[in-house]
Amino acid sequence: MTGRRSLLSRRALIGGIGAGTGLLLSGCDRLNESDSWRRTLRLAEQGNEAAQRALTARMALAREFDPHHISRKFPENGTRRPQEAGYQAMVQNGFADWSLKVDGLVEKRLALPLGQLRQMPSRNQITRHDCVEGWSAIGKWTGVPLSHILDLAGLMPKARYLVFHCADRLGGVPYYESIDLIDARHPQTILAWALNDQMLPVGHGAPLRLRVERQLGYKHAKYVMRIEAVERLTGIYGGRGGYWEDVADYEWYAGI
Amino acid sequence: MAMNGPVSEPPADPAPTTGHPRLTRLWHWANVIILPVMLMSGLTIFNAHPRLYWGHAGNLNDYAWFAVGSSPTQSYVRIGETRIPSTGWIGNWTDDRGRIQTWAFPSWATIPSRYDLAAGRRWHFFFAWLMAGGLAAYMIGSLANGHIRRRLHLSRTEWYPRSIWRDMRDHLSLSMRHRAELQHYNILQKFAYIGVIFLALPVMIATGLAMAPGMDASAPWLVDLFGGRQSARSVHFITAFSLLAFFLIHMAMLLVSRPLARLRTMVRGRPA
């Protein structure tokens, strides 16, 4: 190692690494604001959806657990206590006047009271709920398979998505979510009215919550009031297919 | 003969006859962009829930083996039962406007620099495709062009404890006796490169996939391999920081052993 020259070059190299890191950071922030760059990044979402759909059997089930795996306490997330007066009134009388509306591109519009939903064929599943933030909780869900409701209503051939309209608002904006027919017809996609053998509590979306087990938590709409069958998602609320998709640019396909 | 030059000035290297194949150089420089983006966007995602668990499930109501505790006045990193104060660095830091922030990792370490989970995920998953594609191309190409056999294969004598021990001593004393390593990697170097290419990066991809609820249905064995989704998340985090440690040692080794010659070799393929 001959002293001076290599010492300087080392210093230059360290400086170069430092400058490079700074450049990377400010460059990334600027890129992050660019529409075309965000569109480019979004290609990965389409790639993930295509890859997962190609690699996964349509009916492949999410893992189901034994009762001893059930989490001690299932965290309540998103809206916990909807403040809307209409919803409060429904809680007061035990959802006696509540009914699930099914409309849009269906042969027969439905209004199904809670009692009737609970009489329908039901499915129990002990599954893992995965939040986009990274945590997980395991719970036992009981509910009517969504495909059963779809058979009752009869989807028109044009229908491609189901939109779930909810009773709660976040920051003044109504919550909603949507799924395609592949997930809608999946055997584990149920409209749950019980959690861990108890009537679904308000904190978890009473009286009815969507379970779509192969996707992240924000797809599992709580406080479901109405299911609308549609051909496309544009024109519905923000047009991206869900509350978080509209408000915070979350992926519509949340299988990853 | 008995040449008696000072130990610190060994004779110059013999001119290396082989450099780095084009595929190696291409992949190396692609990773200079891809891996920092993966780490920094990953830290954005981690900031959404800065706690790690073992097993299938884990949330605020469960025991976390790793957690960042933050408040507006102080913060700590807890590993097991050991609390390490981290005020000013992790969990409580000052942003460029002088405000105290309580996100776990500070803005200089994340992409984007302000907390945005959706954007962090988009960056992460886009570059994950590049990372996985690059690794696959490099593995296949380097097996085919003989690079792995020529440069990374461990001969039987290299496995002798004596030679491993000698190499460790050389590294610790920074004497770098094996000056011919522009042509021949020493054994610790081979361990490190093999570990990164065939262990750490594949584990990053596998644990990343194991966290996806969609993969839980299509490849439950992958989740089981790591002992559950939360275990996979923990392994993902540990392996990411192992790769960061590799990078820091990689830089240190570069700086103590003719950095410019090595940079030239990695750019042009040959040192001259």
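Residues that are crowded, with 17+ Cβ neighbours inside 10 Å and in a loop (DSSP other than H, G, I, E, B) within the range B:103-119 comprise B:Trp103, B:Ala104, B:Phe105, B:Pro106, B:Thr110, B:Ile111, B:Pro112, B:Ser113, B:Asp116, listed in sequence order. Against the numbered list (1) modelled with pLDDT under 95; (2) more than 7 Å from chain B (Cβ to nearest Cβ), A:Ala89 comes up short only at (1). Just one of (1) within 20 Å of B:Ile45 (Cα to Cα); (2) of a type outside the set (Asp, Glu); (3) crowded, with 16+ Cβ neighbours inside 10 Å; (4) touching a helix residue (DSSP H, G or I) at 6+ places or on another chain (Cβ under 8 Å) fails for A:Ser99. It is (1). The number of residues in the range B:47-56 being at the interface with another protein chain (Cβ under 7 Å from one of its Cβ atoms) and under 10 Å from A:Gly134 (Cα atoms) comes to 2.
Report yes if some residue within the range A:184-198 is assigned to a strand (DSSP E or B), surrounded by fewer than 16 Cβ atoms within 10 Å (Cβ to Cβ) and at pLDDT below 95; otherwise report no. Within the range A:184-198 (the criterion being assigned to a strand (DSSP E or B), surrounded by fewer than 16 Cβ atoms within 10 Å (Cβ to Cβ) and at pLDDT below 95), the answer is no, since none of the residues qualifies.
When B:Arg150, B:Arg122 are checked against the criterion of being exposed (fewer than 15 other Cβ atoms within 10 Å of the Cβ) and in a helix (DSSP H, G or I), B:Arg150 stands alone in meeting it. Here A:Val202 does not fit the description of being under 21 Å from A:Glu251 (Cα atoms) and hydrophobic (A, V, I, L, M, F, W, C).
Scanning the range A:146-158 for residues that are in contact (Cβ under 8 Å) with a residue 12 or more places away in the chain and either surrounded by 20 or more Cβ atoms within 10 Å (Cβ to Cβ) or part of a helix (DSSP H, G or I) (or both) yields A:Leu146, A:Ser147, A:His148, A:Ile149, A:Leu150, A:Leu152, A:Ala153.
Among the residues of the range A:49-101 satisfying the criterion of being farther than 30 Å from B:Ser218 by Cβ and of a type in the set (Gly, Ala, Ser), which is nearest to the chain's Cα centre (by Cα)? Step by step, filter the range A:49-101, then rank; the result is A:Ser99. Of the residues examined, A:Val163 is not one that is β-branched (Val, Ile, Thr), touching a residue at least 60 places away in the same chain (Cβ under 8 Å) and in a loop (DSSP other than H, G, I, E, B).
The residues in the range A:41-69 that are at the interface with chain B (Cβ under 9 Å from one of its Cβ atoms), closer than 30 Å to B:Asp62 by Cα and assigned to a loop (DSSP other than H, G, I, E, B) can be counted, and the count is 5.
Taking the conditions exactly as written (within 13 Å of chain B (Cβ to nearest Cβ), more than 27 Å from B:Val223 (Cβ to Cβ) and not in a loop (DSSP other than H, G, I, E, B)), does A:Asp168 satisfy them or not? So A:Asp168 does not fit the description; no.
Comparison of B:Gly141, B:Gly134 shows that the only residue that is part of a helix (DSSP H, G or I), within 30 Å of A:Cys28 (Cβ to Cβ) and touching a Phe, Trp or Tyr at 6+ places or on another chain (Cβ under 8 Å) is B:Gly134. Checked against (1) more than 14 Å from chain A (Cβ to nearest Cβ); (2) surrounded by 17 or more Cβ atoms within 10 Å (Cβ to Cβ); (3) closer than 20 Å to B:Phe241 by Cβ; (4) out of contact with any helix residue (DSSP H, G or I) (no Cβ under 9 Å at 6 or more places or on another chain), B:Trp93 passes all but condition (4).
Residue check: is B:Ser142 over 24 Å from the mean Cα position of the chain (by Cα) and surrounded by 19 or more Cβ atoms within 10 Å (Cβ to Cβ)? No, not satisfied.
The values are calculated or read from the model by the stated rules, or taken from the named source; none is laboratory data. What you see is a predicted model; the values in this text were computed from it and never measured. With ideal geometry, Cβ positions are generated from the backbone for all residues, glycine too; neighbour counts draw on all protein chains shown.
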